[in-house]
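**Student:** Quick one: the structure is below, questions incoming.
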Amino acid sequence: MYLERYAELRYIEEKKAAGEYDSDRTTRQGDLNAVVTQEIAYNFARAFHFLGFLELAAEYYQRALKLPISRLAESGSGEEESLCDLRREAAYNLAILYISSGAMLKARELLKEYCTID
């Protein structure tokens, strides 16, 4: 798909800029899969949300919540931590869907789990 290829190319460019790119190694491993799949699930969810396919949007937001965080987000500091972790955004948008459908309790639980600062 287009979004997967775009994310893969973006990942390769970031690795080249950092001097960590190895052309012999396949790019579909490890942290790339985590970033790509979470980002793609979130982007699909946003697209479905925008188009009004709310059931599909909710499904892809839930996928984005379940997928692992990229290594960059886990090992980074400061702003880097939120660059690759899209769980907060997915949770907020999913909560909006829940609120619009009347599932206030589900929305509250989701916001409490993913969007609350301790």
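**Student:** What are the residues in segment 101-118 that are over 19 Å from the mean Cα position of the chain (by Cα) and in a helix (DSSP H, G or I), if any?
**Tutor:** Of everything in segment 101-118, those that are over 19 Å from the mean Cα position of the chain (by Cα) and in a helix (DSSP H, G or I) turn out to be S101, M104, L105, K106, R108, E109.
**Student:** Going by the conditions given, is A107 over 21 Å from E8 (Cα atoms) and modelled with pLDDT of 85 or more? Steps first, answer last, please.
**Tutor:** Working: over 21 Å from E8 (Cα atoms): yes; modelled with pLDDT of 85 or more: yes.
Spelling it out, A107 is indeed over 21 Å from E8 (Cα atoms) and modelled with pLDDT of 85 or more.
**Student:** May I pose another question? Does A41 count as at pLDDT 95 or above and in contact with a Lys or Arg (Cβ under 8 Å, 6 or more places away or on another chain)? Show your work before the answer.
**Tutor:** Numbers: at pLDDT 95 or above: no; in contact with a Lys or Arg (Cβ under 8 Å, 6 or more places away or on another chain): yes.
Spelling it out, it is not the case that A41 is at pLDDT 95 or above and in contact with a Lys or Arg (Cβ under 8 Å, 6 or more places away or on another chain).
**Student:** Another question, then. Would you please list the contacts, defined by Cβ atoms under 8 Å and residues six or more apart or on different chains, that run from a residue in segment 45-71 that is touching a residue at least 24 places away in the same chain (Cβ under 8 Å) to a residue that is open to solvent by 100 Å² or more (accessible area, probe 1.4 Å) and part of a helix (DSSP H, G or I)?
**Tutor:** Between residues of segment 45-71 that are touching a residue at least 24 places away in the same chain (Cβ under 8 Å) and residues that are open to solvent by 100 Å² or more (accessible area, probe 1.4 Å) and part of a helix (DSSP H, G or I), the close pairs are A45/R63; A57/R46.
**Student:** Taking the options E59, E14, E20, name whichever one is in a loop (DSSP other than H, G, I, E, B), at pLDDT 65 or above and open to solvent by 60 Å² or more (accessible area, probe 1.4 Å). Give the steps one after another, and end with the answer.
**Tutor:** Numbers: E59 fails: in a loop (DSSP other than H, G, I, E, B); E14 fails: in a loop (DSSP other than H, G, I, E, B).
Within the list E59, E14, E20, the selection yields E20.
The values are calculated or read from the model by the stated rules, or taken from the named source; none is laboratory data. Because the structure is predicted, anything quoted here is derived from the model rather than measured. A quick note on method: Cβ atoms are made from the backbone with ideal geometry, for glycine too, and the neighbour counts reach across all protein chains shown. These area figures cover heavy atoms from the full protein model, side chains too; ligands, DNA and RNA do not enter into them. Shrake-Rupley method; radii C 1.70, N 1.55, O 1.52, S 1.80 Å.
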